[in-house]
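Asker: Please find one structure pasted underneath; my questions will follow.
The values are calculated or read from the model by the stated rules, or taken from the named source; none is laboratory data. Quick caveat: nothing in here was measured; it's all calculated off a predicted structure. Note: ideal-geometry Cβ built from the backbone for every residue, glycine included; neighbour counts use all protein chains shown. Areas reflect the complete protein model, heavy atoms only, side chains present, ligands, DNA and RNA absent. Shrake-Rupley method; radii C 1.70, N 1.55, O 1.52, S 1.80 Å.
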Amino acid sequence: MERAREIIPGGVNSPVRAFQAVGGHPPFIQSAKGCWLHDADGRRYIDYVGSWGPMILGHAHPEVIDAIQSAAGSGTSFGAPTELEVLLAEKIRSFFPSIEKVRLVNSGTEATMSALRLARGCTGRSVIFKFDGCYHGHSDSLLVQAGSGLLTLGLAGSPGVPPDFVRHTVSLPFNDLCRLEEAFEKYSDQVAAVILEPVAGNMGVVRPKDGFLEGVLRLSDRFGAVAIFDEVMTGFRLAKGGAQELYSVQAPLTCLGKIVGGGLPIGAYGGKAEIMDRMAPEGDIYQAGTLSGNPIAVSAGLKTLEILQRENPYARLERLTRRLCRGLKEAAEAAGTALQVQSCGSMFTAFFNPQPVHDYDSAQKSDTGLFGAFFRKLLQRGVYLPPSQFEAGFVGFSHSEEIIDQTIEAARQALAEQQTT
Ligand code: KE4
């Protein structure tokens, strides 16, 4: 870590990896297989981070590795169209009926940044609505009251973003349709887009209240704004068609990432053809990328989606996640600890909070000190949770009932120990 910090800010290439919110130093991972991480000191951990979502199939899935290796033999990047990109685009469209056309980029940040530019371009408007605690990557317009690393590090925004860049960004309470309607009444024909995580993961897992998603879509439509569902985390995670499938709604624009790359860098944004066709070179709104759609990443992503389609693991993943959440709740009750365990599909968060969490304000009432102690005790027992109270944990393909039960036992010991200290 000291050597890494000498040359990389904080020793990490993404802030949440630095363990600042939970104390101690992160293990340096050497390899991973299935649900196991192996660190440079010979220790192994049951992994509930899954590279922050992508590794739903487990690490080093043989068919995905094989797809990457065989693609590599044909060349790594051409900067020219390939059939592979068409195959992945068609696969994405088969999972998301709301996506008539899609553009591949290299990260979730690029996907949301591009989708916002598209929404602003096709409406000719500037104002965007987002929700407190939702995180959509680190592009300037969206670093306002964001979740994930900013919430973890207690940063509301970021230096280096001129006030002018966020002047048009209005952040509202998640799950509050009244405040959203008031904002629309106030900004009405200035609003280009409303962007949200349909199931929030970046303030910890917070489901939309009944009718919230439908309300966002209805109000956006009424005021001529584009609703953008940021499914970078929920896409292919909650269901093949993400939150839109789970909640039977369709969004005009969708952003994707994480699982769609199978562990390699891919983001995507897509939606109605009449909107997407405004993107250059079909239209006049610009976005580009040297490595967008490169054959290696696309091969990993395509194979991952093919396996998800073949195995359809979602019911099993949900059963395993419910088993884990039930076990954590029972362990907390036994230890007399106030724990809200919230989940959706195979995403979960254990909030050290006396009350359920339904938005940013209630999430912030969680005891991050207790979470940090719990995290460290679990890590000592070989269980690797996301190193932040404000993130989602993930259950994947290669977690078994036995692994879940091992995790619950480790949590029971950790909570009991915490109770006595
Ligand atoms: P990336 O640029 O990190 O690929 O994606 C940004 C992004 C966009 N939208 C949602 C809903 C996201 O969750 C993310 C990224 N998530 C964080 C953790 N929750 C990535 C982990 C990190 O920042 O290292």
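Asker: Among the numbered conditions (1) farther than 23 Å from LEU256 by Cβ; (2) buried (at least 19 other Cβ atoms within 10 Å of the Cβ), tell me where GLU185 comes up short.
Answerer: It fails just one condition, (2).
Asker: Within segment 68-86, which residues are in contact with a Leu (Cβ under 7 Å, 6 or more places away or on another chain) and under 30 Å from PRO386 (Cα atoms)?
Answerer: Within segment 68-86, no residue meets the criteria.
Asker: If you scan segment 37-60, which residues turn out to be on the phi < 0 side of the Ramachandran plot and in contact with a Phe, Trp or Tyr (Cβ under 7 Å, 6 or more places away or on another chain)?
Answerer: LEU37, ASP39, ALA40, ARG44, TYR45, ILE46, ASP47, TYR48, VAL49, ILE56, LEU57
Asker: Is there a residue in segment 131-144 that is at pLDDT 95 or above, open to solvent by 40 Å² or more (accessible area, probe 1.4 Å) and touching a Pro at 6+ places or on another chain (Cβ under 8 Å)?
Answerer: Looking for residues that are at pLDDT 95 or above, open to solvent by 40 Å² or more (accessible area, probe 1.4 Å) and touching a Pro at 6+ places or on another chain (Cβ under 8 Å), one finds none in segment 131-144, hence no.
Asker: Take GLY235 and tell me if it is closer than 18 Å to TYR269 by Cα, surrounded by 19 or more Cβ atoms within 10 Å (Cβ to Cβ) and modelled with pLDDT of 95 or more.
Answerer: yes
Asker: Oh, and also: Out of SER126, SER107, which single residue is within 14 Å of the ligand (Cβ to nearest atom) and either over 20 Å from the mean Cα position of the chain (by Cα) or open to solvent by 30 Å² or more (accessible area, probe 1.4 Å) (or both)?
Answerer: Selected residue: SER107, the only one of SER126, SER107 that is within 14 Å of the ligand (Cβ to nearest atom) and either over 20 Å from the mean Cα position of the chain (by Cα) or open to solvent by 30 Å² or more (accessible area, probe 1.4 Å) (or both).
Asker: Note down all Cβ pairs under 8 Å where the first residue falls in segment 78-89 and is at pLDDT 95 or above, the second is exposed (fewer than 10 other Cβ atoms within 10 Å of the Cβ), and they're at least six residues apart or on different chains.
Answerer: Short answer, once both residue conditions are applied: GLY79/THR290.
Asker: Show me the helices (runs of 4 or more DSSP H) entirely contained within segment 331-421 in which 1 or more residues are within 16 Å of the ligand (Cβ to nearest atom) and within 17 Å of ALA200 (Cα to Cα).
Answerer: Hits in segment 331-421: 360-363.
Asker: Report whether or not GLU282 is within 30 Å of ARG319 (Cβ to Cβ) and surrounded by fewer than 24 Cβ atoms within 10 Å (Cβ to Cβ).
Answerer: Answer is no for this residue.
Asker: Taking segment 145-182 as the region of interest, how many residues are away from the ligand (no atom under 14 Å from the Cβ) and open to solvent by 20 Å² or more (accessible area, probe 1.4 Å)?
Answerer: 23
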